[in-house]
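To keep things clear, I will list the structure first and then write my remarks on it.
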Amino acid sequence: MPSAAPANGRHPVGQVSIPGQTFLMGDSTGPGNRGDGETPAHPVWVDAFRLDATSVTNAAFARFVAATGYRTESETFGYSAVFHLALEADLEDVLGQPPRIPWWLGVRGADWAHPGGPRSSLVGLDDHPVVQVSWNDAQAYCAWAGRRLPTEAEWECAARGGLTGRVYPWGDEWGDRHRCNIWQGVFPTVNTREDGWLTTSPVETFEPNAYGVWQSVGNVWEWCSDWWSEGYYTHSPGRNPPGPAAGDQKSMRGGSYLCHDSYCNRYRNSARASNTPDSSAANIGFRTVALT
Ligand SMILES: [Ca+2]
Ligand SMILES: [Ca+2]
């Protein structure tokens with residue numbers, strides 16, 4: 001596995017080098033979700049870049065907040081989204097449930113330091129990915145740390161680990177073991193935790209891919225720099241595609257600990273999703289790229 005030395009004093013996250021290359025971006029084998037814009041698969045060149053081997057951890061984000069006094073958007077809004085089985089809050093702090101996705105609760109006092117609600121804490125979670133951070137929060141971290149978010153093309157190139165046309169970072173098969181942090185059981189009520197984790201796992205859990213990238217799929221969604229467009233692949237540039245020039249949602253990649261085939265099979269290299277740049281949730285984090 002490539003060594004993963006910390007980037008700098010402000011950003012204590014291990015780094016991996018992704019070589020410049022042309023890779024096949026998008027879903028070339030069929031499991032893609034209609035409406036997510038995973039097709040057509042198409043060749044894309046990306047310049048070489050240095051990427052976080054893992055998601056940004058709670059410990060790293062805490063250093064940023066301690067140094068700057070930054071207030072995340074969920075702290076400003078006063079609430080964020082918590083998965084119902086991970087709730088650590090008094091019922092009076094549960095503000096509501098979206099009717100179409102009732103397993104998400106709007107919880108007063110849920111924020112990056114209280115990811116399950118005001119009765120939760122980060123004790124024991126230093127090496128877990130920071131969550132409850134919006135795209136704008138991730139941008140603020142990057143500006144302070146001298147980093148940037150990856151483009152979708154960079155993210156997918158890194159996740160593929162040099163393999164062409166594979167579904168997962170390790171290939172197409174699972175073998176006889178768990179390889180990423182998703183859901184086992186009956187979504188959204190029974191999680192048997194066969195992979196060991198109901199919510200987040202430490203950022204270096206399971207095995208990294210051939211580039212040394214840990215948990216691109218599963219664990220937490222990861223913000224990308226691109227504006228979201230379902231139709232982007234039909235006309236995107238062939239070299240270093242930056243995403244559409246404008247939009248109202250930002251792209252996210254990799255799926256999360258809530259993914260399950262019955263509900264969300266987005267724990268795949270080519271899977272795509274989006275959210276508004278001020279949204280936060282208990283299963284969304286980020287990783288960053290070195291400025292060149
Ligand atoms: Ca799990
Ligand atoms: Ca991930």
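Every number in this text was worked out from the coordinates using simple rules, so none of it is lab data. The model shown is predicted, which means the values in this text are computed figures rather than measured ones. In this analysis, Cβ positions are derived from the backbone assuming ideal geometry, glycine residues included, and neighbour counts consider all displayed protein chains.
Remarks
- Tensor-based shape of the range 12-127 (alpha-carbon gyration tensor, a/c under 1.5 rounded, otherwise prolate or oblate): oblate
- When peptides 232-244, 109-121 are sorted by average Cβ neighbour count within 10 Å, with the highest value leading, the order is 109-121, 232-244.
- The packing ranking of peptides 248-259, 47-58, 191-202, highest mean first, is 248-259, 47-58, 191-202, where packing means the average number of other beta carbon atoms within 10 angstrom of each residue.
- Ranked by the mean number of other Cβ atoms within 10 Å of their residues, highest first, the peptides 213-224, 177-188 come out as 213-224, 177-188.
- Beta-bridge orientation, the chain: approximately 90 percent antiparallel, per DSSP, counting only bridges with both partners inside.
- Global form of the range 94-231, assessed from the alpha-carbon gyration tensor, a/c cut-off 1.5: oblate
- Linear extension gain, residue 17 paired with residue 192, 0.36 nm per residue minus alpha-carbon span: 59.4 nm
- Computed E for residue 245/residue 204 - FRET, C-beta separation, R0 35 angstrom, nearest 0.05: 0.45
- 3J(HN,Hα) along the range 241-250, derived from phi through the Karplus expression 6.51 cos²θ - 1.76 cosθ + 1.60 where θ = phi - 60°, amounts to x, x, x, x, 6, 7, x, 10, 10, 10 Hz, with x in place of Gly and Pro.
- Placing +1 on each Lys and Arg Cβ and -1 on each Asp and Glu Cβ, with no other charges, gives the chain a dipole about its Cα centre of roughly 460 debye.
- Contour minus Cα-Cα distance for residue 278 and residue 59 (0.36 nm per residue): 76.6 nm
- Residue 262 paired with residue 108, simple spin-label distance in nm, labels 7 Å along Cα-to-beta-carbon: 3.4 nm
- Inverting the pair-averaged 1/r between distinct Cα atoms of the chain gives 18.9 Å as its Kirkwood hydrodynamic radius.
- Estimated FRET transfer efficiency (residue 70, residue 29; beta-carbon r; R0 51 Å; 0.05): 0.80
- Compared with the alpha-carbon gap, the fully stretched path from residue 77 to residue 121 is longer by 14.0 nm at 0.36 nm per residue.
- Relative contact order (%) - the chain, alpha-carbon pairs under 8 angstrom, separation at least six: 25 percent
- Look at the Cα gyration tensor of the range 17-77: its axes a ≥ b ≥ c give a/c of at least 1.5 with a/b at or below b/c, and that counts as oblate.
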